[in-house]
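The values are calculated or read from the model by the stated rules, or taken from the named source; none is laboratory data. Note that this is a predicted model, so its numbers are computed, not measured. Reconstructed Cβ throughout: ideal geometry from the backbone, glycine too, with neighbour counts over all protein chains shown.
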Amino acid sequence: MPLAIRPRQSHAFFAEVSGIDIRTPVDRESVAAIEAGMDRYAVLVFPGQRISDEEQMAFTRNFGAIEDARGGNVTKAQDKRLVTGMNDVSNLGKDGRPLGRDSRQRLFNIGNMLWHSDSSFRPVPAKYSLLSARVVNAKGGNTEFADMRAAYDALDAEMKRHIEDLVCEHSLMYSRGSLGFLDFSEEEKQMFWPVRQRLVRTHPVTGRKSLYLSSHAGAILGMPMPEARILLRDLTEHATQPQFVHVHAWAPYDLVMWDNRQTMHRVRRYDESQPRDMRRTTVAGDAPTAVQVSAP
Ligand SMILES: [Fe+2]
């Protein structure tokens, strides 16, 4: 069966890929077809891909270098469950059991329930994320995606003019701080130092503009803080209206691949006493969106 990419339902930005086995090397034509599908839709699901971590990383490298995950979490190296190159977005500790209620790792990861774009807190933010569902929840735990191109297009001309050249500060301390997670060590404060990102970005292939929002955004350069926060909140509410959102209910061994430059996502609540084993690989971005200043 040849590779095919077909949109699911009427949602124009979420499509299903069939006719491919990603456990085996993928030819250049197929890689190009998938990239074209990403440019067009922004979120692709590859159902029934029963992959290992090594196979997931090998597939990911077809699309660019794997992002260095350091500086993206409070989990210490010795507590990591997965090998370097794999981002653990499960609710599991190194012992394979669900994290306890007061686990700092768990409380930090609750931030994934806020709308965000992966690694927007890095000077060079992520291009693609690939999330493999190894163990899914019987109920809940859906991932929702928002199309930030459609959200941008729907803004009125006055707002488009107002935000065109704005630059935001993004940090994990802003997203976690908004949930009351505030006890960062000095080392973490350095690691999570805010970076700058344009609020409106342009896709390098399609030329389409999108809103580059994320719960990591917590300030706008040259704008008083409450004014910046309410603008970010208003834009996020606008961008996450149902007409811009697709809800993905996971089946075991779904692999979902999304473009962080064109979408936001969030996970919804689930029974945390049950294992949820989700493993992410991330394709590094090409360039910063704004000129950076270094941490003091
Ligand atoms: Fe994420």
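Would you point out the residue of segment 107-155, among those that are within 19 Å of residue 41 (Cα to Cα), assigned to a helix (DSSP H, G or I) and among the aliphatic types (A, V, I, L, M), that is farthest from the ligand (Cβ to nearest atom)? Across segment 107-155, the extreme among qualifying residues is 150.
Name the one entry in 176, 229, 233 that is surrounded by fewer than 20 Cβ atoms within 10 Å (Cβ to Cβ), of a type in the set (Lys, Arg) and under 19 Å from the mean Cα position of the chain (by Cα).
On inspection, the qualifying residue turns out to be 233.
Scanning segment 87-106 for residues that are away from the ligand (no atom under 11 Å from the Cβ) and either part of a loop (DSSP other than H, G, I, E, B) or within 17 Å of residue 43 (Cβ to Cβ) (or both) returns 90, 91, 93, 94, 95, 96, 97, 99, 100, 101, 102, 103. Test residue 84 against the criterion of being within 30 Å of residue 182 (Cα to Cα), among the β-branched types (Val, Ile, Thr) and more than 16 Å from the ligand (Cβ to nearest atom), and give yes or no. Considered against the rule, which asks whether it is within 30 Å of residue 182 (Cα to Cα), among the β-branched types (Val, Ile, Thr) and more than 16 Å from the ligand (Cβ to nearest atom), residue 84 comes out as yes.
Exactly one of these conditions fails for residue 208: (1) farther than 23 Å from residue 7 by Cα; (2) touching a helix residue (DSSP H, G or I) at 6+ places or on another chain (Cβ under 8 Å). Give me its number. So residue 208 meets the others, but not (1). When residue 51 is tested against (1) part of a loop (DSSP other than H, G, I, E, B); (2) within 20 Å of the chain's Cα centre (by Cα), only condition (2) is not met.
Residue under question is residue 50, and the condition is that it be of a type in the set (Lys, Arg) and free of Cβ contacts under 8 Å to residues at least 12 places away in the same chain; does it hold? Step through it out loud before you land on a result.
Numbers: of a type in the set (Lys, Arg): yes; free of Cβ contacts under 8 Å to residues at least 12 places away in the same chain: no.
No: the conditions fail for residue 50.
The combined condition, being of a type outside the set (A, V, I, L, M), assigned to a helix (DSSP H, G or I), within 22 Å of the chain's Cα centre (by Cα) and surrounded by fewer than 18 Cβ atoms within 10 Å (Cβ to Cβ), is fulfilled by residue 35. Residues in segment 59-108 that are among the charged types (D, E, K, R) and buried (at least 19 other Cβ atoms within 10 Å of the Cβ) were compared, and the one that is nearest to residue 26 (Cα to Cα) is 67. Checking each residue in segment 7-19 for being out of contact with any helix residue (DSSP H, G or I) (no Cβ under 8 Å at 6 or more places or on another chain) and at pLDDT 95 or above picks out 16, 18, 19. The set of residues in segment 20-45 being in contact with a helix residue (DSSP H, G or I) (Cβ under 9 Å, 6 or more places away or on another chain) and touching a residue at least 12 places away in the same chain (Cβ under 8 Å) consists of 20, 22, 23, 25, 26, 30, 31, 34, 35, 38, 42, 44.
Rundown of residues vs (1) within 14 Å of the ligand (Cβ to nearest atom); (2) within 15 Å of residue 112 (Cα to Cα); (3) outside any strand (DSSP E or B), yes/no style:
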{"site": "252", "(1), (2), (3)": "no, no, yes"}
{"site": "261", "(1), (2), (3)": "yes, no, yes"}
{"site": "266", "(1), (2), (3)": "yes, yes, no"}
{"site": "272", "(1), (2), (3)": "no, yes, yes"}
{"site": "275", "(1), (2), (3)": "no, no, yes"}
{"site": "279", "(1), (2), (3)": "yes, yes, no"}
{"site": "282", "(1), (2), (3)": "yes, no, no"}
{"site": "287", "(1), (2), (3)": "no, no, yes"}
{"site": "293", "(1), (2), (3)": "no, no, yes"}
